[in-house]
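Taken together, the values in this text are just the output of simple stated rules run on the coordinates, not laboratory data. As the structure is a prediction and not an experimental result, all values here were calculated from the model. Every residue, glycine as well, gets a Cβ built from its backbone with ideal geometry; the counts of neighbours run over all protein chains shown.
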There are 6 protein chains.
Amino acid sequence: MNEMRNADLTLQFRIPHSAFRIPDAWRPPVTQTVDLLAIAAHRDDLRAAEAERAAAVLGVALRLNAGLPDAHLQNDEPSRARLVELIRATHPRVVILPFPVGRHPDHRIASELGRDACYLAGLAKYGAAGAPHRPFKVLYALAYREDPVKPSFVVDISETFETKLEAIRCYASQFDGARAAGEIFPTGQDLYELIRVQSAHYGSLIRKAYGEPFFCNETLEVQDVLQLGVQSL
Amino acid sequence: MNEMRNADLTLQFRIPHSAFRIPDAWRPPVTQTVDLLAIAAHRDDLRAAEAERAAAVLGVALRLNAGLPDAHLQNDEPSRARLVELIRATHPRVVILPFPVGRHPDHRIASELGRDACYLAGLAKYGAAGAPHRPFKVLYALAYREDPVKPSFVVDISETFETKLEAIRCYASQFDGARAAGEIFPTGQDLYELIRVQSAHYGSLIRKAYGEPFFCNETLEVQDVLQLGVQSL
Amino acid sequence: MNEMRNADLTLQFRIPHSAFRIPDAWRPPVTQTVDLLAIAAHRDDLRAAEAERAAAVLGVALRLNAGLPDAHLQNDEPSRARLVELIRATHPRVVILPFPVGRHPDHRIASELGRDACYLAGLAKYGAAGAPHRPFKVLYALAYREDPVKPSFVVDISETFETKLEAIRCYASQFDGARAAGEIFPTGQDLYELIRVQSAHYGSLIRKAYGEPFFCNETLEVQDVLQLGVQSL
Amino acid sequence: MNEMRNADLTLQFRIPHSAFRIPDAWRPPVTQTVDLLAIAAHRDDLRAAEAERAAAVLGVALRLNAGLPDAHLQNDEPSRARLVELIRATHPRVVILPFPVGRHPDHRIASELGRDACYLAGLAKYGAAGAPHRPFKVLYALAYREDPVKPSFVVDISETFETKLEAIRCYASQFDGARAAGEIFPTGQDLYELIRVQSAHYGSLIRKAYGEPFFCNETLEVQDVLQLGVQSL
Amino acid sequence: MNEMRNADLTLQFRIPHSAFRIPDAWRPPVTQTVDLLAIAAHRDDLRAAEAERAAAVLGVALRLNAGLPDAHLQNDEPSRARLVELIRATHPRVVILPFPVGRHPDHRIASELGRDACYLAGLAKYGAAGAPHRPFKVLYALAYREDPVKPSFVVDISETFETKLEAIRCYASQFDGARAAGEIFPTGQDLYELIRVQSAHYGSLIRKAYGEPFFCNETLEVQDVLQLGVQSL
Amino acid sequence: MNEMRNADLTLQFRIPHSAFRIPDAWRPPVTQTVDLLAIAAHRDDLRAAEAERAAAVLGVALRLNAGLPDAHLQNDEPSRARLVELIRATHPRVVILPFPVGRHPDHRIASELGRDACYLAGLAKYGAAGAPHRPFKVLYALAYREDPVKPSFVVDISETFETKLEAIRCYASQFDGARAAGEIFPTGQDLYELIRVQSAHYGSLIRKAYGEPFFCNETLEVQDVLQLGVQSL
């Protein structure tokens, strides 16, 4: 998310087949509030050193690990309460979640879990630590989707695309391991080339070199139709 | 369109059941270029004096009549050539068309005709008067739709809504005539109340008092997700 | 539901942002059977006195509280069993559920939970109290949805709309409290005006003053096309 | 349409691959008004004697031929004017049209042409013979569609299905001729068996033996949810 | 599935209202690998003798019972682990699941549970018995759906349809019992006639006598467009 | 189409913004029949020499020009008759048409015109030269679409992709001219890079390097689910 402006808390690498988050230990209480919070399912075998390196590349301000069990994620009471605490502690304006349809069950569950926690975090009576806070905006990242879904909008990432790829390359050894095991890329496609193609495809939808696609449920507001981008014809 | 910023050429009253344009005579060549061009099917029995009054209320800069036959509109060669000339003469950046699905056949035909003319106006070899010009953006007005269609975006018109209603009231005698004949509002619903309800409904989608809904085929570009309006939860 | 005919058991106020049920204690066994059962997620801080007053306004015959935990609702075995018992005890022909997509997680869960219970209540071997009974019809209430979804059908509530609004006003102090906390209406929109606008919008779809929208999964049967309402053109 | 109640004017056999109308000569002015008008593209090689026999089987009150050229149908001014006259002369409450997507180009054109004429027939100033009349309801017949489209509603035709089949059998010699030429049923499927299967399929959607599916653009109104048919679970 | 080629492991009778599997005891470890695995929700009151007879009719190679509780199915950790073991043991290339939308809650849960297990079975670190194996293809059976959903593709079962019906008839006594209780066919429709109608309907979509419809999420690959079946016009 | 197997008649370069055909003079009667016919809107300023060179690169057997006016295309009687003659003369099994939604009006009209001609060509009584012939299969090319539409299927073109690009490069001077005039690529995107990105995007949907997407209206038939390509997870 750093490529968009100021992803202050954490990062989500959106790649065609999966989504990762850096597996630090859960360290509440957080004293730093952020503009943008990206919640992502992660793989617990990613090494912390590599995650630190990727975060440095992206300039991420803060990384947290909710401590929920990889491949055993559940949208249950304790998980919701933990995410509510995280949201209340970091006080984000925008929260980015995985799109609820994907390959790994954790994507579906993380998406629903994150959505529920965003609402519950704003209820004064909800029994979790922290002052009530409801994020203003909830967005869903589409970039790891393989099949075409019409995005609600696309953000131009042409200027920061190479940085995004560089950050992803920090995880090379993990990818190689998972690829060897046939877990992440059983199709034999090249990860970095796939990321480039899909980002270029979404970029072409807004007539730019590279784009990052998002979905949101609510209606978009436009303030001045004369300022709209993307040539129609 | 005036309520959005600077509808320089003409106006389209978006009302639940129909759409109108002021029936002046066709006066090429036009020497004035505009930012925004609204093309609408009209009724040829509207009186020019009332149209002038409505335009004055809205502050419309220029009104033109393409001289195409009401209720006999065709998407044929001569009609396309005439619209191409109009577009080349006024050089608009944004063109607003009726949504192609509506009650009156003229809506469907005007929508397709306007869309085709926008493309053809940019072809150097297309045999019509004027220098090639292709509008940057083509939008479809949804407000006269009765059934719910998810708009691509909604524009906040809370501040100018009463002006819009005042302009529509300039046509009161026409509406009364058509209403008496059972043509425009055979359902017996009150026109002004319907306009208020639908504008308020679309406004509620962006959490505003009144809104104007639009549809566009191409993907929307957003530059900064932190600046997005419309609270999610 | 009272506004439609004879909501005998309970009530669901369908408002743009939420849905409520009266929080009485669970009092099985019920000896009264009903035509129509509305199952809704509720807020446990609503006072019983106000709920009684609202029920009196609507003429609701029976109110029950399933005793499930607010904001902690789960579609689990015990919850399903409790709802199965409620359905078997009251023997409804029609069950109205929240639409499964909404702001509060309880809406999604209550919808799925209610749907599952309606099916399971008809299985003779399902281990819950009461004789097997499967409701004939399951409908989903759409009125609290903010974004446009095409309803399967709309019911004319023009004659009873003011009664509906009066019943909702019984909860004024709750709304004020929740509004002050930014929980229910964080967008700052006026509750009663929103209800009026959305009901008028849905009413306009059937050419009536006010309408209540519903969704159902199965195909609609029409017995005589000559008796169909809602003018097409 | 006879099978539904009182198809007074004409008939449309809705069969999986095509739709027919009886090719009488155009005989204006018509002095008989009707409740229900079915407009269908026809094949000009159908013999009048067989059409008379089929009409007798169905009890159709009136058959007319608009005199438009088979396989050369156009949605142009003269065709619209002729249909407007027909609609004004017969004054129908409900008009049934082919669904606009089908195999034969005439289906698409007849559907759009009929829709336009229904609207224009109500305009006092439209230059065609007859007093203005706008049909109350426009429906689209889905039965000849091969691929699944969700119907807006289905009508139970269990009691009259055999009569429908008997009427279609009146055209046996035509079908045999077209089938021999590979025009109508090039797939080699049996016509009568297909009609039975598709009617039974649509019937199953409303839990009846045979059903006739329709599509309509506007929202359906339901007066009493307790009277709704079609068991949900 | 036998009707398609070589359903080696188990069987799923796809009938309009429900789906069954033979309720043997869970017998790990399995030493036989299969091409095709059909996972279905079942009813635990089906007698083993009848299931054996049906399997013999179909020539099914292997039947297994996962031992999960009927009408109490949950997509939880233990259930997922058990299915992962089953998938790893039988090593299928193709897995067929119920479509996630259906009447019985078990359909939805079995579909999601099976989908999750297919992914997790391929994760080397997932803590369940057996070597990692991820099925190549996951398909969803649509035949028991009542309402029309466009299938991704249909398989011609004309030659084996009577065998399928014969196998279903092995369960006649169960069906009679459930029907008497109003559980399975409360609508009063005849089971075997419904199966015949729906199979013929899906067959007509590919211009064949009987067809079996499937849905899959990923894009279909076609190797030679000249070899495509199903006449377009 | 040559890249798929044996495009015998003509070629359609599917590029993001337009589609072309070689502008030879119309030379009936054709004595050569073909397997595959691609009908495309073209630009009449393409030079014949370049078209010949591109055809040689692709190994196209036969190129024809229907002689219809560029940018003035109409779906009228004479145009349909001319295409019917072309189809009857070349006797294709598969016809590929532009997808009906695109930038240039000619795309929409060519698509509908081609579709109508395919049906009419099979009617014995349709008054055009040649013996009746109805193509078995009608497909729509999606590759020039900018916005995401889910294809019915994708064909692997990895092995022939460079040949396709080489053929397109034969038109370089035309593209440069149109690009200079701002007609074809007013967005400033690079044509060849766009073709590569979109082909790679569609290829990724079937887990291949490059793919060509198609849409068809009828249901797909699959003969053996064990032979299906494209890994699900």
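Evaluated with a Cβ-only charge set (Lys, Arg +1; Asp, Glu -1), segment F:75-197 carries a dipole of roughly 600 debye about its Cα centre, given to the nearest 20. Sorted from nearest, the other copies put their F:Lys125 label points 4.1, 4.1, 6.1, 7.2, 7.4 nm away, the label point being 7 Å from Cα in the direction of Cβ. Couplings 3J(HN,Hα) for segment E:62-67, derived from phi with the Karplus relation 6.51 cos²θ - 1.76 cosθ + 1.60 (θ = phi - 60°), are 7, 10, 9, 10, 6, x Hz, where x marks Gly and Pro. A Förster radius of 25 Å combined with the Cβ-Cβ distance from F:Gln223 to E:Glu166 puts the calculated FRET efficiency at roughly 0.60. Relative to the other identical copies, A:Ser158 shows label-point distances of 3.1, 3.6, 5.5, 5.5, 6.5 nm, where the label point lies 7 Å from Cα along the Cβ direction and values run shortest first. Pairs from the list A:Lys208/B:Lys164; A:Lys137/D:Lys150; B:Lys137/D:Lys150; B:Lys137/B:Lys164 with a Cα-Cα gap above 25 Å: A:Lys208/B:Lys164; A:Lys137/D:Lys150; B:Lys137/D:Lys150.
Grab the other residues whose beta carbon is less than 9 angstrom from that of E:Gln231, score K and R as +1, D and E as -1, and report the net. Result for the local shell: +2. Largest first, the three principal axis extents of the alpha carbons in segment F:95-233 are 49, 46, 25 Å in whole numbers. Database remark: amide H of D:Ile96 closer than 5 angstrom to the amide H of D:Leu37, D:Ala38, D:Ile39, D:Leu139 (H placed geometrically; neighbours at sequence offset of 5 or more, or on other chains; Pro and chain starts carry no H).
Treating only the Cα positions of segment C:96-152 as identical point scatterers, give the base-10 log of I(q)/I(0) from the Debye formula at each q in 0.28 Å⁻¹. Debye curve over Cα of segment C:96-152, log10 I(q)/I(0) at q = 0.28 Å⁻¹: -1.10.
In segment B:47-145, Cα pairs under 8 Å separated by at least six residues give a relative contact order of 31 percent. Ordering B:Val154, D:Val34, B:Val57 by the number of other Cβ atoms within 10 Å of each residue's own Cβ, fewest first, gives B:Val57, D:Val34, B:Val154.
Inter-copy label distances at C:Glu193, using a point 7 Å along Cα-to-Cβ, come to 1.9, 5.0, 5.9, 5.9, 6.6 nm with the shortest given first. Taken as Cα centroids, segment B:47-70 and segment B:121-146 sit 20 Å apart, rounded to the nearest whole angstrom. Panel note: the C-alpha atoms of segment D:158-231, placed on their principal axes, show extents of 51, 27, 19 Å (largest first). For segment F:122-164, the alpha carbon convex hull comes to 174 Å³ per residue, rounded to a whole number. For segment E:127-134, 3J(HN,Hα) computed residue by residue from phi via the Karplus equation (6.51, -1.76, 1.60; θ = phi - 60°) reads x, 9, 5, x, 7, x, 8, 10 Hz, glycine and proline entered as x. The phi-based Karplus calculation (6.51 cos²θ - 1.76 cosθ + 1.60; θ = phi - 60°) puts the 3J(HN,Hα) values of segment C:71-83 at 6, 10, 4, 9, 8, 10, 3, x, 5, 5, 4, 5, 5 Hz, whole numbers, x for Gly and Pro. For segment A:195-226 versus segment F:190-233, the spacing of their alpha-carbon centroids is 22 Å.
In summary, the convex hull built on the alpha carbon positions of segment D:49-134 has an orientation-averaged projected area of 6.3 nm².
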